[in-house]
Amino acid sequence: MSTLAAESADTRAVPADDEDTLPVARTWHPWRWLAAAIALVLVAQFAHGLITNPGWDWPTFARYFTARSVLEALKVTVELTFWGTLVGFLLGIWLAVARLSKIPVLQVIAWVYVWAFRSIPLIVQLLFWFNIAYLYQRLSIGIPFGPALLTFDVNGVISGFTAAVIGLALHQAAYSAEIIRAGIISVDPGQLEAAKSLGLPWRRQFFTIIAPQAMRGILPNAANEVNSLFKGTSIVSVMAIAELFYQVQVIFGRNGRVVPLLMVATVWYIVLTTVLTVVQYYIERHFAKGSQRELPPTPWQRVRGKIAEITGERR
């Protein structure tokens with residue numbers, strides 16, 4: 001019986017050489033093809049409308065897209081974003097540290113700050129700082145509750161641009177503080193305990209162990225906040241600051257070409273947001289070195305690899 005069983009098993013076994021020659025049944029996914037076809041048709045219809053609809057007025061768009069007044073307003077938008085982000089995240093770091101500290105007074109003050117500035121709409125904060133001279137015509141620096149050493153006029157120091165930067169930065173600090181705090185507490189506490197057991201000073205513990213790991217959780221949310229701040233600078237148009245959206249409003253208020261001028265602002269917002277997205281990708285790739293043995297190829301490396309594959313070249 002054992003001999004017969006062995007023979008029947010040998011007859012059912014497939015030689016190893018024949019396994020490579022077995023045909024593989026292809027799986028068909030008709031619904032995927034249908035969904036892809038419908039999506040392509042909708043995209044083609046939208047593109048056709050963009051090209052053929054005279055309401056878009058692309059000649060006017062091309063005339064104002066690189067106009068000097070628009071580019072100067074774009075520069076103001078970038079400056080507002082830069083200073084709002086820089087000051088906001090610097091202040092947010094200290095707020096996050098205060099919330100994580102063991103000093104109850106600092107914890108309460110930081111919590112109240114975050115609660116207050118996340119509760120008040122941004123436009124209200126901007127208008128408040130724009131009209132700060134209504135409350136304080138003159139400010140002084142000196143000994144608390146004592147004599148003043150330096151006094152200056154508020155209107156001469158806080159311009160419209162400065163008020164916008166202050167409002168954007170203080171608003172951004174409340175959100176960045178929570179993002180930074182979340183990134184820090186996401187690090188395994190065992191990492192800090194191991195650093196302490198090695199006798200590393202506090203500065204090295206934070207900057208060489210905690211911060212690089214926390215950045216992986218901070219970066220995606222921080223990049224979203226920067227993008228939101230970049231587009232949120234359009235709100236300062238209520239303060240008559242010549243940023244991108246305000247300048248576009250001025251132009252179409254004169255010539256009545258609303259749609260093409262709005263497209264000018266829209267395309268510039270898309271371009272700069274795309275630049276920020278590319279920068280975010282490479283920064284995240286840099287901080288991913290410690291978590292992955294081999295980093296995935298960049299989009300440009302994928303394109304080069306595909307070209308080499310098609311042309312039969314070896315990299």
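At a glance:
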| read-out | value |
| --- | --- |
| Helix runs (DSSP H) in the chain reaching 30 Å along axis by Cα, Kyte-Doolittle at least 0.5 | 30-52, 68-100, 160-185, 258-287 |
| Accessible surface of the chain [probe 1.4 Å, protein heavy atoms]: carbon and sulfur percent | 66 |
| Rounded, prolate or oblate (a/c below 1.5 giving rounded, otherwise prolate when a/b exceeds b/c) for region 194-264 by Cα gyration tensor | prolate |
| Computed label-point distance, nm, for sites S186 and L106 using a 7 Å Cα→Cβ extension | 2.3 |
| Stokes-Einstein translational diffusion, region 51-202 - Kirkwood Rh over all Cα pairs, 0.890 mPa s, 25 °C, in µm²/s | 126 |
| Whole-number accessible area per residue in Å² for the chain, which is evaluated in the context of all protein chains at 1.4 Å | 68 |
| Label point distance in nm, W94-R26, each placed 7 Å from Cα along Cα→Cβ | 6.5 |
| Full-stretch length increase - A211, Q249 - with 0.36 nm per residue and alpha-carbon distance subtracted | 9.4 nm |
| Estimated FRET transfer efficiency when R0 is 35 angstrom, pair L150-L86 (beta carbons, to 0.05) | 0.90 |
| Extended-chain gain in nm, criterion 0.36 nm per residue less alpha-carbon gap, V124 and N53 | 21.7 nm |
| Kirkwood hydrodynamic radius (C-alpha pairs) into Stokes-Einstein, region 233-279, 4 °C and 1.567 mPa s, D in µm²/s | 115 |
| q = 0.07, 0.10, 0.15, 0.16 Å⁻¹, the chain: log10 I(q)/I(0) [Debye, one scatterer per Cα] | -0.52, -0.88, -1.30, -1.35 |
| Quotient of C-alpha Rg and 2.2 N^0.38 Å, computed over region 34-135 | 1.84 |
| Long-range amide H partners of R138 with built H, under 5 Å | V154 |
| Within region 98-195, trypsin sites (Lys or Arg not before Pro) in DSSP loop having at most 10 other beta-carbon neighbours inside 10 Å | K102 |
| Charge context of D188, other residues only, Cβ under 14 angstrom, K/R +1, D/E -1 | +1 |
| Gain upon complete extension [L71, L262; 0.36 nm per residue less C-alpha separation] | 67.3 nm |
| Heavy atoms of I103 accessible to a 1.4 Å probe, total area in Å² rounded to 10 | 90 |
| Helix-only [θ]222 nm of the chain, DSSP H runs n ≥ 4, -39500 (n - 2.57) each, per residue, nearest 500 | -23000 deg cm²/dmol |
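The values are calculated or read from the model by the stated rules, or taken from the named source; none is laboratory data. It should be emphasised that the depicted structure is a prediction, and the values quoted were computed from it without experimental measurement. All Cβ positions, even for glycine, are placed from backbone atoms using ideal geometry, and neighbour counts span all protein chains on display. Note: areas computed on protein heavy atoms with side chains; ligands, DNA, RNA excluded. Shrake-Rupley method; radii C 1.70, N 1.55, O 1.52, S 1.80 Å.
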